[in-house]
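Colleague: Have a look at this one.
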Amino acid sequence: SFIGEESVAAGEGSILTDNPTWIIDPIDGTTNFVHRFPFVAVSIGFVVNKKIEFGIVYSCVEDKMYTARKGKGAFCNGQKLQVSGQQDITKSLLVTELGSNRDPETIKIILSNMERLLSIPIHG
């Protein structure tokens, strides 16, 4: 099966089944792309039985290829990635994105979530 982000965004229905399924977003960061903000990628995932098996993200501007496979780890241009050992949340950096949906109920939920996140004593 195949699920394309652009077709789903255009209103086409999509149901994830147990079938092997490719999930593709050819312009991940469409709003960034439209505004010439250089954070755009091609994102591809492969799912079986509704569980991700592997994923690939190519950051076009940076020329970086991120890959990950279930049980095998994650890599950037072939070099293994790992999470930091930081356990103190006050030294963490929070990065978020608000999305493009401007429905009043959605905005209310997003802002409520943001308020909870911003009350955490983070570094930045």
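The values are calculated or read from the model by the stated rules, or taken from the named source; none is laboratory data. These numbers were taken from a predicted model, which means no experiment stands behind them. Neighbour counts run over all protein chains shown; Cβ positions are idealised from the backbone, glycine included. Quick note on the areas: whole protein, heavy atoms, side chains included, nothing else; ligands and nucleic acids left out. Shrake-Rupley method; radii C 1.70, N 1.55, O 1.52, S 1.80 Å.
Colleague: Being open to solvent by 60 Å² or more (accessible area, probe 1.4 Å), closer than 21 Å to F33 by Cβ, modelled with pLDDT of 95 or more and within 17 Å of the chain's Cα centre (by Cα) is the filter here, so list the residues in segment 48-82 that pass it.
Modeller: Y58, K64, M65, Y66
Colleague: Could you please find all residues in segment 102-120 being among the polar types (S, T, N, Q) and open to solvent by 80 Å² or more (accessible area, probe 1.4 Å)?
Modeller: S119
Colleague: Okay, moving on. Regarding segment 104-119, can at least one residue be identified that is assigned to a loop (DSSP other than H, G, I, E, B) and in contact with a Ser or Thr (Cβ under 7 Å, 6 or more places away or on another chain)?
Modeller: No, segment 104-119 has no match at all.
Colleague: Okay, next question. Any idea which of (1) in a strand (DSSP E or B); (2) touching a Lys or Arg at 6+ places or on another chain (Cβ under 9 Å); (3) open to solvent by 90 Å² or more (accessible area, probe 1.4 Å); (4) not aromatic (F, W, Y) is the one H123 doesn't satisfy?
Modeller: Tallying (1) in a strand (DSSP E or B); (2) touching a Lys or Arg at 6+ places or on another chain (Cβ under 9 Å); (3) open to solvent by 90 Å² or more (accessible area, probe 1.4 Å); (4) not aromatic (F, W, Y), H123 fails exactly one: (1).
Colleague: Further question on the same structure: What single numbered condition from (1) under 20 Å from N32 (Cβ atoms); (2) within 19 Å of the chain's Cα centre (by Cα) fails to hold for R102?
Modeller: Evaluating R102 over (1) under 20 Å from N32 (Cβ atoms); (2) within 19 Å of the chain's Cα centre (by Cα) leaves (2) as the failure.
Colleague: Keeping to segment 44-92, report how many residues are at positive phi and outside any loop (DSSP other than H, G, I, E, B).
Modeller: 1
Colleague: Somewhere in segment 28-35, is a residue touching a residue at least 40 places away in the same chain (Cβ under 8 Å), surrounded by 11 or more Cβ atoms within 10 Å (Cβ to Cβ) and either within 17 Å of the chain's Cα centre (by Cα) or in a loop (DSSP other than H, G, I, E, B) (or both)?
Modeller: yes
Colleague: Return the only residue of F75, F39 being touching a helix residue (DSSP H, G or I) at 6+ places or on another chain (Cβ under 9 Å) and closer than 28 Å to I3 by Cβ.
Modeller: Only one candidate qualifies: F39.
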